[in-house]
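The values are calculated or read from the model by the stated rules, or taken from the named source; none is laboratory data. This structure is a prediction, so every number in the text was calculated from the model and none was measured. Cβ sites come from the backbone with ideal geometry, for glycine too, and all protein chains shown count toward neighbours.
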Amino acid sequence: MGSVDTAALVPPTTQRAVVVEAGDLVRVRDDVPLPALEKNQFLIRTEAVAVNPSDTKMRGAFVTPGGVLGTDYAGTVVACGPGVTEVEVGDRVCGAQHTMNANTPHRGSFGEYNISAGKVWLKLPASVSTEGGATFGAGISTAGLALKLLGLPLPDAPVQKPAYILVNGGSTATATIAIQLLRLANMIPIATCSPKNSDQVKTYGVEATFDYRDPDCATKIKAYTKNNLRYALDCITTAESTSLCFAALGRAGGKYVSLDPFAQHAATRATVKTDWVLGPSIFGDGSTWPNPYGRPPSEEIRAYGEKLWAVAQKLVDDGKLRHHPVRILEGGLDQVLVGMDLVRSGKLSGEKCVVRLVS
């Protein structure tokens, strides 16, 4: 792809995109169908995409063979359906897609074009780079859903009485979004992370950080919060991370929310209420993924998602919500496969992998 031309175009019927074929073969194809625009949808020429850990897990029963991979994107609007009033051709936007939804298998983000999905998108102000914007999609959606499951408000209705909340894995991409939303909602986030990432995590609004590798980590968190920690958001979700969060929560118990299904044997306290986030549920159209990831459609979640992204739009416009640090790969869609290997390797720390599609 070359530089972006913002003149309105007739949407193509096919595109170049990253797909997962039978046998879990991930490859770039040049003839992937591009669905026609509906009246309330707009078409984005993709300029950057971000690679999430979930993208590397779309295998086996998660896959609709030939479906387009990817969740996060950013780019420029190049065509609008007749019912679209919120954006116009030439606007820069970012958002998320419901990848590997069997009902819309060609709607992943890793393609030359993206079609807007509901209200799960925002316009990028001049202060935010396209590459930075590409990191927002999954992060805003997942962090926002986590707040809902924790019973905490969005920043437009902050709590009256601040309370501590532990964000485990504070240097991850979802965590830095969650930390900012929590701080703006008048909560007091603290986080675990490696010492090398402590200063970076603090710039997003945590009051204190703790080394998750310290054998006394939970004890130190309990002392810091005077044994009164009532909320934990686990952005790592291993048996070890669940155990750490449960050990850090105060004597009265509280709420634990993870970003994946958690090990039940590690959830050792009956006084702690638990749940986990399914990011793609933000669209309100349910999930066709295998159990325990399947979900029925939910208008309640759809409405919450619309509110969340409207709140995020204002925060981004006001400079109050910053994106995660990025590591940029050049070279277009072929580099998505390289990015997936990088994410899978576990070598990224405190950065999110973004692939630039446009020079």
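Just need a number here: residues in the range 268-297 that are over 22 Å from VAL63 (Cα atoms) and either free of Cβ contacts under 8 Å to residues at least 60 places away in the same chain or touching a His at 6+ places or on another chain (Cβ under 7 Å) (or both). Break it down into steps so the answer makes sense when it comes.
So the first thing to find is which residues in the range 268-297 are over 22 Å from VAL63 (Cα atoms), and the list is 268-275.
Next, from what is left, pick out any that are either free of Cβ contacts under 8 Å to residues at least 60 places away in the same chain or touching a His at 6+ places or on another chain (Cβ under 7 Å) (or both): 268-274.
So the count comes out to 7.
Restricted to the range 244-265, and to residues that are surrounded by 15 or more Cβ atoms within 10 Å (Cβ to Cβ) and within 18 Å of the chain's Cα centre (by Cα), which residue is nearest to ASP234 (Cα to Cα)? The qualifying residue nearest to ASP234 (Cα to Cα) is SER258.
Of the residues ARG322, ARG295, which is closer than 19 Å to ASN52 by Cα and of a type in the set (D, E, K, R)? Don't jump to the end; show me each part of the working.
Working: ARG295 fails: closer than 19 Å to ASN52 by Cα.
Selected residue: ARG322, the only one of ARG322, ARG295 that is closer than 19 Å to ASN52 by Cα and of a type in the set (D, E, K, R).
Every test in (1) in contact (Cβ under 8 Å) with a residue 12 or more places away in the chain; (2) over 25 Å from GLY111 (Cα atoms) is passed by TRP309 save one, and that test is (2). Within the range 277-300, restricting attention to residues that are among the aromatic types (Phe, Trp, Tyr) and either in the same structural domain as PRO261 (by TED's automatic domain parsing) or crowded, with 18+ Cβ neighbours inside 10 Å (or both), the residue that is nearest to ARG107 (Cα to Cα) is PHE283. Here GLY75 does not fit the description of being buried (at least 22 other Cβ atoms within 10 Å of the Cβ), in a loop (DSSP other than H, G, I, E, B) and under 23 Å from the mean Cα position of the chain (by Cα). What about VAL68, is it touching a residue at least 12 places away in the same chain (Cβ under 8 Å), under 16 Å from SER116 (Cα atoms) and not assigned by TED's automatic domain parsing to the domain that holds ASP260? Yes: the conditions hold for VAL68.
Would you confirm whether or not the range 89-99 contains a residue that is closer than 30 Å to ARG251 by Cβ, touching a Ser or Thr at 6+ places or on another chain (Cβ under 9 Å) and not hydrophobic (A, V, I, L, M, F, W, C)? No.
Of all residues in the range 138-161, those that are outside any helix (DSSP H, G or I) have Cβ atoms under 9 Å from Cβ atoms of residues that are polar (S, T, N, Q), 6 or more apart or on another chain, in PRO153/ASN186; PRO155/GLN180; PRO155/ASN186; PRO158/ASN186; VAL159/ASN186; GLN160/ASN186; LYS161/ASN186.
Restricted to the range 90-113, and to residues that are among the charged types (D, E, K, R) and part of a loop (DSSP other than H, G, I, E, B), which residue is surrounded by the fewest Cβ atoms within 10 Å (Cβ to Cβ)? Before you say what the answer is, go through the steps one by one.
Of all residues in the range 90-113, those among the charged types (D, E, K, R) come to 91-92, 107, 112.
Among the residues that remain, those that are also part of a loop (DSSP other than H, G, I, E, B) are: 91, 107, 112.
Values: ASP91: 17, ARG107: 21, GLU112: 21.
For the range 90-113, the residue satisfying everything is ASP91.
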